[in-house]
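**Q** Pasting a structure here, questions to come.
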Amino acid sequence: EAGVTQFPSHSVIEKGQTVTLRCDPISGHDNLYWYRRVMGKEIKFLLHFVKESKQDESGMPNNRFLAERTGGTYSTLKVQPAELEDSGVYFCASSPGIVAEAFFGQGTRLTVV
Amino acid sequence: AQSVTQLGSHVSVSEGALVLLRCNYSSSVPPYLFWYVQYPNQGLQLLLKYTTGATLVKGINGFEAEFKKSETSFHLTKPSAHMSDAAEYFCAVRRFGNEKLTFGTGTRLTIIP
């Protein structure tokens, strides 16, 4: 069974540009999460989808971040326009339900220069 | 609000020695507790978790952790370190009924030959 897949694995963009990160969860997992780790800091929750609905987006930093999960399958996280402080590793995770283990992808390392 | 404190951002132990990684949490109610590991160039992998029941939890690769409510701790141990244990370890908590994980800042474990 394929795990959680994220791409790209690395992205380097200039300040002001737009970047879109993609996450393919494990098939059949209704719950999808985005997390971010800024260098040296803790991994922080960004948002949670249940199928295509946003269950909790309390961790989204500001309105430059837009997450979507059309059709309840893969998800995208767009940053527009990117700022220097957006640099970090963005993790996606999925789980089949409450209390169930969340499976994480390898992460996308975003560098904004 | 919940928080997680991991003492020591870097820990070095000799091969064959005891591994002890510390985690303390603050929560108004006993949470679910997790340890994740990230090996180089890989995603986060669940090592072990405590939800209810026995307070000593055994995980993969010989690791275990004990939930101590009176000390609000969930320290990770392994009796004998192996070179393959070199990785970054994250303690996390999740409140009952809430899906999102709150992580500590991580501890990078180095094994000295």
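**Q** Which one of the conditions (1) farther than 24 Å from residue A:94 by Cβ; (2) in contact with a Leu (Cβ under 8 Å, 6 or more places away or on another chain); (3) touching a residue at least 40 places away in the same chain (Cβ under 8 Å); (4) not β-branched (Val, Ile, Thr) does residue B:27 fail to meet, given that it meets all the rest?
**A** (2)
**Q** Which pairs do you get when a residue that is at the interface with chain A (Cβ under 9 Å from one of its Cβ atoms) and under 15 Å from residue A:91 (Cα atoms), found in region B:95-113, comes within reach of a residue that is of a type in the set (Gly, Ala, Ser) and assigned to a strand (DSSP E or B), reach meaning Cβ atoms under 6 angstrom, with the pair 6+ apart or on two chains?
**A** Taking only residues 6 or more apart or on different chains, the pairs are B:101/B:92; B:103/B:92.
**Q** Moving on to the next point. Just to be sure I understand, how many residues within region A:68-113 are within 18 Å of residue A:13 (Cβ to Cβ) and among the hydrophobic types (A, V, I, L, M, F, W, C)?
**A** Count: 8.
**Q** Taking region A:48-95 only, how many residues are in a strand (DSSP E or B), among the hydrophobic types (A, V, I, L, M, F, W, C), more than 9 Å from chain B (Cβ to nearest Cβ) and within 17 Å of residue B:98 (Cβ to Cβ)?
**A** Number satisfying all stated conditions: 1.
**Q** Which numbered condition trips up residue A:68, out of (1) within 11 Å of the chain's Cα centre (by Cα); (2) loosely packed, with under 13 Cβ neighbours inside 10 Å; (3) charged (D, E, K, R)?
**A** Result: residue A:68 fails condition (2) only.
**Q** Suppose we filter B:21, B:44, B:56 for residues that are surrounded by 13 or more Cβ atoms within 10 Å (Cβ to Cβ) and more than 27 Å from residue A:48 (Cα to Cα); which single one remains?
**A** Going through B:21, B:44, B:56 in turn, the sole match is B:21.
**Q** Would you be able to say whether some residue in region B:62-78 is without any contact (Cβ under 8 Å) to a residue 12 or more places away in the chain and over 27 Å from residue A:34 (Cβ atoms)?
**A** Yes.
**Q** Taking only region A:60-99 into account, find how many residues are closer than 24 Å to residue B:42 by Cα and without any contact (Cβ under 8 Å) to a residue 24 or more places away in the chain.
**A** Final tally of qualifying residues: 1.
**Q** Still on this structure: Taking region A:24-35, which residues are farther than 16 Å from residue A:101 by Cβ and more than 11 Å from chain B (Cβ to nearest Cβ)?
**A** A:24 - this is the single residue of region A:24-35 that is farther than 16 Å from residue A:101 by Cβ and more than 11 Å from chain B (Cβ to nearest Cβ).
Table: residues versus (1) farther than 16 Å from residue A:105 by Cα; (2) surrounded by 19 or more Cβ atoms within 10 Å (Cβ to Cβ); (3) of a type outside the set (A, V, I, L, M, F, W, C).
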{"residue": "A:9", "(1), (2), (3)": "no, no, yes"}
{"residue": "A:21", "(1), (2), (3)": "no, yes, no"}
{"residue": "A:24", "(1), (2), (3)": "no, no, yes"}
{"residue": "A:37", "(1), (2), (3)": "no, yes, yes"}
{"residue": "A:40", "(1), (2), (3)": "yes, no, yes"}
{"residue": "A:43", "(1), (2), (3)": "no, yes, no"}
{"residue": "A:62", "(1), (2), (3)": "yes, no, yes"}
{"residue": "A:74", "(1), (2), (3)": "no, no, yes"}
{"residue": "A:77", "(1), (2), (3)": "no, yes, no"}
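**Q** Check off (1) in contact with a helix residue (DSSP H, G or I) (Cβ under 9 Å, 6 or more places away or on another chain); (2) within 24 Å of residue B:105 (Cα to Cα); (3) of a type outside the set (Ser, Thr, Tyr); (4) modelled with pLDDT under 95 for residue A:36 and give me the number that stays unchecked.
**A** Of everything listed in (1) in contact with a helix residue (DSSP H, G or I) (Cβ under 9 Å, 6 or more places away or on another chain); (2) within 24 Å of residue B:105 (Cα to Cα); (3) of a type outside the set (Ser, Thr, Tyr); (4) modelled with pLDDT under 95, residue A:36 misses just condition (4).
**Q** Pick from region B:30-53 the residues that are free of Cβ contacts under 8 Å to residues at least 40 places away in the same chain and of a type in the set (A, V, I, L, M): which of them is farthest from residue A:9 (Cα to Cα)?
**A** The selected residue is B:48.
**Q** Also, quick follow-up: Return the residue satisfying two criteria in turn: it lies in region A:71-113 and is among the aliphatic types (A, V, I, L, M) and closer than 12 Å to residue A:34 by Cα, and of such residues it is farthest from the chain's Cα centre (by Cα).
**A** A:102
**Q** When the residues of region A:96-110 are narrowed to those that are in contact with a Gly (Cβ under 9 Å, 6 or more places away or on another chain) and more than 24 Å from residue B:98 (Cβ to Cβ), which ends up surrounded by the fewest Cβ atoms within 10 Å (Cβ to Cβ)?
**A** Per the stated criteria, the residue is A:109.
The values are calculated or read from the model by the stated rules, or taken from the named source; none is laboratory data. Treat the numbers as computed from the prediction; the structure is a model and nothing was measured. Virtual Cβ from ideal backbone geometry, glycine too; neighbours counted across all protein chains shown.
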